[in-house]
Structures are given as structure tokens and as C-alpha cells.
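Inspection log for the structure reproduced underneath, given as C-alpha cells.
Derivation of every value follows stated rules applied to the coordinates shown; laboratory data play no part. Predicted, not measured: the structure shown is a model, and the values here were computed from it. Please note: Cβ atoms are built from the backbone with ideal geometry, for glycine as well, and neighbour counts cover all protein chains shown.
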Amino acid sequence: DTAVSQTPKYLVTQMGNDKSIKCEQNLGHDTMYWYKQDSKKFLKIMFSYNNKELIINETVPNRFSPKSPDKAHLNLHINSLELGDSAVYFCASSLKGQGGTEAFFGQGTRLTVV
Amino acid sequence: DAKTTQPPSMDCAEGRAANLPCNHSTISGNEYVYWYRQIHSQGPQYIIHGLKNNETNEMASLIITEDRKSSTLILPHATLRDTAVYYCIVRTSYDKVIFGPGTSLSVIP
């Protein structure tokens, strides 16, 4: 069973369109994240949700709107797509609490805006 | 910003031990040292983490200095499949995972 799954794996779309990426985790984690990895390969955090509540928004344009219907899901909706949005988007989840806990990542969604 | 510094790249001969260093001189007492790797453009993969003591699992060993200001990830017998970017991260379980540029490890036949 896949711990953190994202759909779709590839997404090609035209500028100006609106698209969504879905993420689900079956690990019972309470915290989920979205990361963006651009062509320079830097992984940058975009959002973090804990128990369905937004706790981190790293100066991401408001065209990006995360939605967490429950603890196991964190979807990313992007309005008015721009060329610069082309990147690989990774979803991740972890469990907050005492002690060290690792984060698990999905396999990524490669978004290409043309 | 990432709280760690790592060499940008390293080479290792196949079958030899790969020793990847990481400096984290400002680490706090409640922060753990985590290592992840990213093979090609796959999702980052957790490797190991530790607080003070050295740790070992089926993938690697983590050696943390006594003052906790640096650590070394050891892949005991590197294979070609270990070629990846390796990220050293310090955080508590309450913190977000912040990635630096990492070390690009090339395992050479």
C-alpha cells in the first residue's frame, strides 16, 4: 500500500487554466505538507496543515489554495496557471509529538504549463 | 532557511563506504538530525534520524559528534542505486521540514 499518494503524476495544461492536485495519506498522520521543486531542484515548502488547519503559508501567491477535507487528505488547487508554476509538486505527511518522527513524501506531480 | 551546511557534491567508489558530512552548529537541544535522500526526481525518502546517540538501521548509520554540532551519514557499501541527493535536516517533530541544497552523491562503478 502506498503511504502518501498523489494524483495525477503528470499534468500538462495551458496558461490561465485552473487545476487541482490530490494527496492522500494512509499513515494516520496529523500533519500534511505541500512542497514545490523547480527546475533548480530546490525543495521549498508551500503549506502545512495540522488536523485540517492551515499552520504554514510560505508566501505563496493566493492563486494557490490548499484544501484539507479531513486529516488524510490535502488537495492543492491552482487558479490562473502561469508558466512559472511549472515544477514538481510533492505532498508529505508526518506526525507531530514528542520525540523524532519522520516525514513521508509522495512521488510527486510534474506540472507543465504551456 | 536551512540550519545545516553540506558539501555540494561527493564521489564514492561502488562497494566502498560513503561518508556524508553535515554541519549543524546552531542545533538546539530538542532538535533531531534527520537524513533524507532524493533519487533522480522521485519523492524524498527518509533514511535515518537521531538525537544524541549514534543510530543504525538497514540503510545507513548516523554518527553524531558529542557536541552535536556535526554528524556523518554512512552508507556502508555504496551501490549505484545510492546515487542521489542527500539532505541533512535538523528539526523537532513540531517543525516543518526545510531542505537545503544537499549533497549530490555519485557512486562510480
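Of all lysines in the structure, the ones whose alpha carbon falls short of 23 Å from that of A:Lys22, not counting any fewer than 8 places away in one chain, are A:Lys9, A:Lys36, A:Lys41, A:Lys44, A:Lys52, A:Lys67, A:Lys71, A:Lys96, B:Lys96. Think of it this way: in chain B, B:Cys12 stand alone, with no other Cys Cβ under 4.7 Å. Between segment B:30-109 and segment A:1-49, the C-alpha centres lie 22 angstrom from each other. As a ratio to 2.2 N^0.38 Å, the alpha-carbon radius of gyration for chain B is 1.00. For A:Lys96 and B:Asp11, a Förster radius of 41 Å and the Cβ-Cβ distance give a FRET efficiency of 0.60, rounded to the nearest 0.05. Protection proxy ranking of A:64-74, A:102-112, by the mean of other Cβ atoms within 10 Å over each peptide's residues and highest first, is A:102-112, A:64-74. When you count the other C-beta atoms within 10 angstrom of each residue and take the mean per peptide, B:29-37, A:23-31 line up highest first as B:29-37, A:23-31.
A dipole drawn for the protein assembly as shown from +1 and -1 charges on Cβ atoms has a positive end, and of A:Gln14, A:Leu27, B:Asn53 the residue lying farthest that way is A:Gln14. Out of A:Gly108, A:Cys91, A:Ile56, whose Cα points farthest toward the positive end of the dipole of segment A:1-113 (charges: +1 Lys, Arg; -1 Asp, Glu; placed on Cβ)? After comparing all options, I get A:Gly108.
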